[in-house]
């Protein structure tokens with residue numbers, strides 16, 4: 001193998017080099033912009049994270065899993081996963097092997113950007129093919145075949161997306177279409193170009209037979225240059241269209257993974273970390289099917305993918321509409337293959353508008369607190385029960401919890417018996433962050449000085465904010481499902497099977513918000529026959545009552561509630577069980593079957609002393 | 001002046017000619033639900049902040065309709081946006097957004 005073209009240059013590399021230079025400069029400027037707009041402490045955090053071995057390892061693992069193998073998409077749909085993995089991994093391997101070939105055969109051309117891409121054009125095979133040579137040729141053809149199979153699937157998906165597990169996909173914009181056309185043509189053109197050149201540069205199981213086939217009716221040598229030109233132009237145009245298209249996620253995603261692993265969160269809806277997220281969005285549209293607002297095919301325009309698209313185009317009006325409408329249930333974040341935390345972007349966007357609104361919470365400082373009365377005395381109960389605002393609207397939960405506390409012999413103090421203050425999460429969700437910090441600081445102080453070692457909460461909304469923002473030292477935070485489950489396990493209360501079929505609605509804030517899935521299931525399996533709803537666990541959908549949405553009207557919420565109820569009652573349960581007072585109240589209004597909180601059904605099926613004496 | 005031991009109070013009559021209806025129109029555009037209120041007071045009865053302060057959505061809406069928006073703003077300063085009023089409202093008013101919208105419209109350009 002030796003160089004065929006002296007000087008190692010031909011004019012056809014120019015389109016490729018133009019595109020390449022453009023994209024490299026664009027990425028470099030983008031990188032500087034992101035760093036410049038990031039808060040200083042985030043920047044130092046990022047550079048420090050690059051030195052930590054554990055984060056380095058995690059970065060490498062995540063980049064291979066997400067950017068090359070697309071494990072997350074494989075878990076969703078095997079064909080869809082194969083389509084992404086074949087193109088990403090195949091292309092990556094073509095680049096790597098291309099470089100190895102150059103390093104092995106023409107080491108004097110090392111470091112020239114275009115050389116590995118057009119390697120076959122520049123070299124000539126001399127003498128018999130060595131084993132090493134045929135091995136690399138085989139690999140090149142093999143990975144080209146893999147990429148081509150992925151492209152084939154992609155073309156099929158464009159016309160029948162349902163076959164690959166997607167009901168609805170996004171509408172591509174002009175730059176998307178241009179980039180897509182280039183992406184589809186790059187690899188077939190490469191195959192053609194390498195096939196025509198196979199007579200000179202050699203080939204393997206794919207290019208050699210193609211060469212032989214073409215030689216029967218085409219004069220091969222005349223077609224060499226035009227196809228290499230076409231290949232180069234396709235690459236060049238693809239790179240030129242890249243920054244304006246959805247395929248920008250290819251170079252950006254790895255960077256986003258590194259930023260995320262460093263623990264950086266969005267602090268501005270458009271700049272810094274947010275910019276990395278916006279450009280990492282692949283516009284795949286998985287969030288369209290996921291969004292509970294899209295029930296009955298309405299409100300399609302309010303999906304996260306469109307919000308990110310409008311953020312990218314700086315369309316303030318449309319971004320605002322979507323940011324305010326979102327339920328913040330977090331399902332789009334849970335299904336996102338790139339892991340774009342769009343809810344944080346929406347929160348940051350709300351903060352730009354609502355954070356400056358005036359407020360006055362000086363009254364919080366004067367509120368007396370029942371927990372305080374116990375602070376100095378010796379007999380401080382271990383457990384602080386915090387019901388939360390919403391639970392006060394569903395007193396049945398409070399009554400059940402009081403009963404459970406009593407029957408299990410747990411000593412507790414009821415923090416907000418006379419109606420306490422809000423936990424601060426609704427303020428955070430509305431973007432009034434400074435106001436929320438004030439409430440959080442005040443409540444933290446109250447809980448910290450109460451002398452309790454455990455806080456039991458009935459409302460998952462409160463639980464999430466207490467877990468994430470309060471920074472309580474030495475205090476265990478439990479949702480009442482966790483607390484009840486531990487009581488049952490320790491034998492402090494005994495429950496019986498009520499003989500009813502139940503279906504469990506996973507509240508967004510408890511499941512995706514706090515990661516609590518196991519405990520409610522364990523309890524419900526003991527008090528009745530637990531059936532499966534249409535959406536389980538991480539995929540569960542919002543009840544429609546979420547505090548996250550600011551502008552969703554009652555009618556629109558009603559549709560979401562109905563959709564959610566339909567999904568739950570498909571298995572004909574006697575009762576719907578939930579673990580959030582807000583879900584309970586929302587469902588109770590429309591549900592055809594009784595809706596109950598988990599605390600209520602446990603209280604109904606609890607063995608009490610009186611019950612036992614009667615039954616004896 | 002001779003003091004007679006009594007005086008005339010300033011009129012508590014609201015002069016609708018002097019109030020700025022433009023802002024109210026803006027508010028209606030942002031959140032049309034403001035027109036739905038029937039002043040039942042469920043929001044005030046359930047209000048978390050109302051335990052400690054005179055926070056009341058019902059009164060705030062009335063004050064705004066009467067053109068006294070400064071009083072309305074003062075009344076809503078203590079609001080924690082917890083959303084209880086939205087849950088209890090029999091007219092299904094989106095009170096959280098209404099409160100944000102009132103603040104947005106009337107706080108700007110005093």
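The values are calculated or read from the model by the stated rules, or taken from the named source; none is laboratory data. Computed from a prediction, not measured in an experiment: that's the story for all the values here. Cβ sites come from the backbone with ideal geometry, for glycine too, and all protein chains shown count toward neighbours.
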Tally up the residues in the stretch A:475-497 that are surrounded by fewer than 16 Cβ atoms within 10 Å (Cβ to Cβ) and either touching a helix residue (DSSP H, G or I) at 6+ places or on another chain (Cβ under 6 Å) or not assigned by TED's automatic domain parsing to the domain that holds residue A:542 (or both), please. 1
Go through the stretch A:406-435 and give me each residue that's free of Cβ contacts under 8 Å to residues at least 24 places away in the same chain and surrounded by 21 or more Cβ atoms within 10 Å (Cβ to Cβ). A:427
Would you check if there is a residue in the stretch A:102-115 being outside any loop (DSSP other than H, G, I, E, B) and either within 35 Å of the chain's Cα centre (by Cα) or not assigned by TED's automatic domain parsing to the domain that holds residue A:239 (or both)? no
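A quick yes/no check of all residues on (1) more than 14 Å from chain B (Cβ to nearest Cβ); (2) exposed (fewer than 15 other Cβ atoms within 10 Å of the Cβ); (3) modelled with pLDDT under 95; (4) within 30 Å of the chain's Cα centre (by Cα):
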site: A:301; (1), (2), (3), (4): yes, no, yes, yes
site: A:346; (1), (2), (3), (4): yes, no, no, yes
site: A:354; (1), (2), (3), (4): no, no, yes, yes
site: A:370; (1), (2), (3), (4): no, no, yes, no
Could you run through the stretch A:314-329 and say how many residues are in contact with a helix residue (DSSP H, G or I) (Cβ under 9 Å, 6 or more places away or on another chain), outside any helix (DSSP H, G or I) and surrounded by fewer than 21 Cβ atoms within 10 Å (Cβ to Cβ)? 1
Checking the condition under 24 Å from residue A:513 (Cα atoms) and more than 14 Å from every other protein chain (Cβ to nearest Cβ), which residue from A:404, A:461, A:383, A:440 passes? A:383
Counting just the residues of the stretch B:86-97 that are in a helix (DSSP H, G or I) and at the interface with chain A (Cβ under 10 Å from one of its Cβ atoms), which one comes out surrounded by the fewest Cβ atoms within 10 Å (Cβ to Cβ)? B:88
Just one listed residue, out of A:307, A:258, is without any contact (Cβ under 8 Å) to a residue 40 or more places away in the chain, within 30 Å of residue A:24 (Cα to Cα) and outside any loop (DSSP other than H, G, I, E, B), and it is A:307
Out of everything in the stretch A:443-458 that is closer than 30 Å to residue A:324 by Cα and away from chain B (no Cβ under 14 Å), what residue ends up being surrounded by the fewest Cβ atoms within 10 Å (Cβ to Cβ)? A:444
Scope the stretch B:98-109; condition within 10 Å of chain A (Cβ to nearest Cβ) and not in a helix (DSSP H, G or I); matching residues: B:108
Can you say whether residue A:142 is in the same structural domain as residue A:19 (by TED's automatic domain parsing), more than 34 Å from the chain's Cα centre (by Cα) and over 30 Å from residue A:281 (Cβ atoms), as far as the supplied structure shows? no
With criteria (1) under 30 Å from residue A:476 (Cα atoms); (2) within 14 Å of another protein chain (Cβ to nearest Cβ); (3) out of contact with any strand residue (DSSP E or B) (no Cβ under 8 Å at 6 or more places or on another chain); (4) modelled with pLDDT of 90 or more, residue A:317 comes up short on (1)
Looking only at the stretch A:535-573, and only at residues there that are farther than 24 Å from residue A:479 by Cβ and away from chain B (no Cβ under 14 Å), the one that is surrounded by the most Cβ atoms within 10 Å (Cβ to Cβ): A:563
Please enumerate the residues belonging to the stretch B:32-84 that are in a loop (DSSP other than H, G, I, E, B), more than 18 Å from residue A:361 (Cβ to Cβ) and within 8 Å of chain A (Cβ to nearest Cβ). none
Pick out the one residue from A:164, A:192, A:206 that is under 28 Å from residue A:75 (Cα atoms), surrounded by 17 or more Cβ atoms within 10 Å (Cβ to Cβ) and not assigned by TED's automatic domain parsing to the domain that holds residue A:284. A:164
Does the stretch A:439-448 contain at least one residue that is under 21 Å from residue A:509 (Cα atoms) and touching a strand residue (DSSP E or B) at 6+ places or on another chain (Cβ under 6 Å)? no
Got a sec? Which of A:524, A:510, A:530 is away from every other protein chain (no Cβ under 14 Å), farther than 23 Å from residue B:100 by Cβ and in a helix (DSSP H, G or I)? A:524
